[in-house]
Amino acid sequence: MLRIRKILNPNLESNLLQVAKVKDIIKKQFPDLSDKKIEAVEQQMVDPVNYKYQTTLFVALDISENVIGFAILLYMSDLKFCFLDYIASSPTKSSSGVGSALYDRIREEALALKAFGVFFECLPDDPALCRNTEFISQNQKRLAFYEKFGARPIANTLYETNVYPTDDCPPYLVFDGLGINQTIPRNLAKKIIKAILTRKYADYCPTEYIDKVINSIKDNPVILRNPIYSKSTKKTTITPTHNHKILLVINDKHNIHHIKEKGYVESPVRISSIKKELDKTGLFEPIQVKHYPDKLILDVHDKGYFTYFKKVCENLPKGKSVYPYVFPLRNVAKAPKELSVRAGYYCFDTFTPLNQNAFLAARNGVDCALTAADKILEGKNIAYVLTRPPGHHVEKAMFGGFSYFNNCAIVANYLSKVGNVAILDIDFHHGNGQQQIFYERNDVLTISIHGHPSFAYPYFSGFSDEKGINKGLEYNHNFPLPENASYDTYKKSLKKALSLIKNFKPSFLVIALGLDTAKGDPTGTWSFTFENFNNTGKIIGELKLPTIIIQEGGYKNQSLGINAKAFFTGFHSKFNY
């Protein structure tokens, strides 16, 4: 099994070992490269302004998370093209399929960036250009590999001439138009080649050489060498991939948790109501859910709570629910031995029941959320976790608000090992769970826009003066709004929240999507419309961050799907595919 992961920040602790392994592969596969050049890879990634290009590292991982290959892609945004700097597999591992997987991922990234194409250098297959003919056979294989993707050397220029008389095997400049652009206008070719030579090779190529190469470009459009190794290029065109769609992760075990008591609004029909409308959009691509270890939950939730929740659900008779009804004073309390009584020790309301299937449904929801997180780490743009029961009210060791595990917090904690995370909670009710879990941390920004706790659940948190403590001070922000807040009032708070997120500069965004702000929702007091949800999606989509959207509240089943569709249509439109 092969997984490709996108690394944006090389200095995070979780990335250090993988970056070190990449440098080790570079040393072995490119032995003539200086240590200074190898060490510059990290500096390129963190200083795009100085280098005049954005550098992204992709690592190929095996089932044991070992780095078995990598690729480094440069993006020059002013000219909108990509340059493949390196692509290689580990010499100690079987390279079968690694190169193809990495190159496919590079092409997908370039397409997502709306690049004109991917350029890269490849050593020549012409014996006249290489004094050392031992390299010719390997060069032929490499060019044949890229030709299958439609990538071919640029012809009739002096690019493949030696910079100095002692040089050998000057490289071709190869162009992959991603199945979209088959020719390059002369003026654009001159600008791109000049950018490559001056930004990438300024310390090696003198001005006279650069001018000679640029002046040798006469054809308009620039000519590509005819195919030599393959009669067809089946893989030339890139089929729209996950990056162009919203990955949809559905909790297929949600419906086993069905509380049929009158007035219990958190019901299975919520999921089908939403999915029915989303299926009409063509924007979503369902994916399979993977299972993850309990440790990732225990990194966020108290072990005593986790063990209790699992055990009490296993021991309850089928069809029986236990509701908390006795709540201790925390500073002197001991957990009762009787499981049914102990519910109040870990809960903060009287209407969130425990039953045989609550644990199973909530546990699978965690797997859904982490599946989405891994896809985002692989470089996908948007993933939607359509799950119930919800989770944003669950604190480290307390459940409530129909919630049992905090999916948003678990995902944010998981992603925080790779980059900073912002959680934006737009449920009608305060996201007290995320607030309490991350209240002393500065690597996860928590923001909640909600009904004021003077009238809205959970009543005891969500005030504007709750800003975090210690390292977490100013990394928690609440926007409590009036009972009859208009959408214009809400929008002002939303824009302030997005300004905080932009200043934080997170690598990832987690959205707790509550649709209970809708008109007529039985748990809310606002009256947001289809148009309002669409507008909210557009406003948040402007951030253009890798985003996981996790379903939370929303209980008016007649409008749930329509409002979800409106939000996602607006959000997706801002990614400009």
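Derivation of every value follows stated rules applied to the coordinates shown; laboratory data play no part. Predicted model only: the values in this text are computed from it and were never measured. Neighbour counts are summed over all protein chains in view; Cβ atoms, including those assigned to glycine, are modelled from backbone coordinates with ideal geometry.
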For the range 242-573, averaging the sequence separation of alpha carbon pairs under 8 Å that lie six or more residues apart and dividing by its residue count, the contact order in percent is 19 percent
How much FRET efficiency would the formula 1/(1 + (r/R0)^6) give for K52 and D302, where r is the Cβ-Cβ distance and R0 is 41 Å, rounded to 0.05? 0.25
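Looking at the chain from every direction and averaging, what is the projected area of its Cα convex hull in nm²? Let's see the in-between values first.
On the way: hull surface 115.7 nm².
Seen from a random direction, the Cα hull of the chain projects 28.9 nm² on average.
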Simple spin-label estimate for A202/K114, 7 Å along Cα→Cβ, in nm, reads 2.8 nm
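Going by the alpha-carbon gyration tensor, a ≥ b ≥ c the square roots of its eigenvalues, is the range 31-118 rounded (a/c under 1.5) or, if a/c is not under 1.5, prolate (a/b greater than b/c) versus oblate?
Values: a/c = 2.24, a/b = 1.30, b/c = 1.73.
Here the range 31-118 falls in the oblate category.
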What does the net charge come to around I437 if you take all other residues with beta carbon closer than 13 Å to its beta carbon, with K and R at +1 and D and E at -1? -4
Of the options I196, N484, I106, report the single residue whose Cα projects farthest towards the positive end of the charge dipole of the chain (beta-carbon charges: Lys, Arg +1; Asp, Glu -1). N484
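Please list, by residue number, every one of the GluC sites (Glu not before Pro) in the range 411-509 that is coil in DSSP and has at most 16 other beta-carbon atoms within 10 Å. Kindly include the intermediate steps, with their values, before the conclusion.
Working: sites: E440, E466, E474, E483; in loops: E440, E466, E474, E483.
Here the GluC sites (Glu not before Pro) that fit, given the DSSP loop and packing criteria, are E440, E474, E483.
Multiply the residue separation of N470 and D167 by 0.36 nm, subtract the distance between their alpha-carbon atoms, and state the gained length in nm to one decimal. Walk me through the numbers on the way to the answer.
Working: separation 303, 0.36 × 303 = 109.08 nm, distance 5.86 nm.
Additional length available on full extension: 103.2 nm.
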Over 5 Å intervals from 0, what percent of Cα-Cα pairs in the range 3-215 sits in each interval? 1, 6, 14, 19, 21, 19, 12, 5, 1, 0, 0
Given G433, P293, V322, which one lies farthest toward the positive end of the charge dipole of the chain, if we put +1 on the Cβ of every Lys and Arg and -1 on the Cβ of every Asp and Glu? V322
Of K467/K492; K253/K544; K280/K380, pairs whose Cα-Cα distance is over 25 Å: K253/K544
Convert each backbone phi in the range 189-194 into a coupling constant with the Karplus relation 6.51 cos²θ - 1.76 cosθ + 1.60 (shift: θ = phi - 60°), then list the ³J(HN,Hα) values in order as whole Hz, x for Gly and Pro. 4, 4, 5, 5, 5, 5
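For K295 and Q140, calculate 0.36 nm times their separation in residues minus their Cα-Cα distance, and state this gained length in nm to one decimal. If you can, show how the numbers build up before the last one.
Values: separation 155, 0.36 × 155 = 55.80 nm, distance 4.84 nm.
Residue separation times 0.36 nm, minus the Cα-Cα distance, leaves 51.0 nm.
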Please give the length that would be gained between K36 and Q558 if that part of the chain were fully extended, namely 0.36 nm times their separation in residues minus their C-alpha to C-alpha distance (nm, one decimal). 181.7 nm
If you put +1 on each Lys and Arg Cβ and -1 on each Asp and Glu Cβ, how big is the dipole of the range 6-94 around its Cα centre, in Debye rounded to 20? 180 debye
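Select from the range 96-201 those trypsin sites (Lys or Arg not before Pro) which occupy a DSSP coil region and have at most 11 other Cβ atoms within 10 Å, ordered by residue number.
Numbers: sites: R105, R107, K114, R131, K141, R142, K148, R186, K190, K191, K194, R199, K200; in loops: K114, R131, K148.
Passing both the DSSP loop test and the Cβ count: K114, R131.
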Output ³J(HN,Hα) for the range 397-408: one whole-Hz value per residue in order, computed from phi by the Karplus curve 6.51 cos²θ - 1.76 cosθ + 1.60 with θ = phi - 60°, and x for Gly and Pro. 9, 9, 10, x, x, 6, 10, 10, 10, 8, 4, 4
For the chain, what's the relative contact order in percent, using C-alpha pairs closer than 8 Å and at least 6 residues apart? 10 percent
Step through the residues of the range 216-224 one at a time and calculate ³J(HN,Hα) from phi using the Karplus curve (6.51 cos²θ - 1.76 cosθ + 1.60, θ = phi - 60°), rounding each to whole Hz and writing x for Gly and Pro. 7, 7, 10, 6, 9, x, 5, 8, 9
Euclidean distance of C-alpha centroids, the range 504-563 and the range 247-311, integer Å: 17 Å
Helix-only [θ] at 222 nm, the chain, -39500 (n - 2.57) per DSSP H run of 4+, per residue, nearest 500, equals -10500 deg cm²/dmol
Within the range 192-211, what residues put their amide N at less than 20 Å from the label point 7 Å along the Cα-to-Cβ vector of Q43? 196-206
Given the candidates F309, H450, L386, the one whose Cα lies deepest towards the positive end of the charge dipole of the chain, counting +1 at each Lys or Arg C-beta and -1 at each Asp or Glu C-beta, is L386
Taking a ≥ b ≥ c as the square roots of the eigenvalues of the Cα gyration tensor of the range 242-573, is the shape rounded (a/c under 1.5), prolate (a/b larger than b/c) or oblate? rounded
Under 14 Å from the Cα of K212, which aspartates and glutamates turn up, not counting those fewer than eight places away in the same chain? E160
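In debye, nearest 20: dipole of the chain around its Cα centre with unit charges on the Cβ of K, R (+) and D, E (-)? Walk me through the numbers before you get to the answer.
Values: 72 positive and 57 negative charges, 184 e Å.
Magnitude of the dipole: close to 880 debye.
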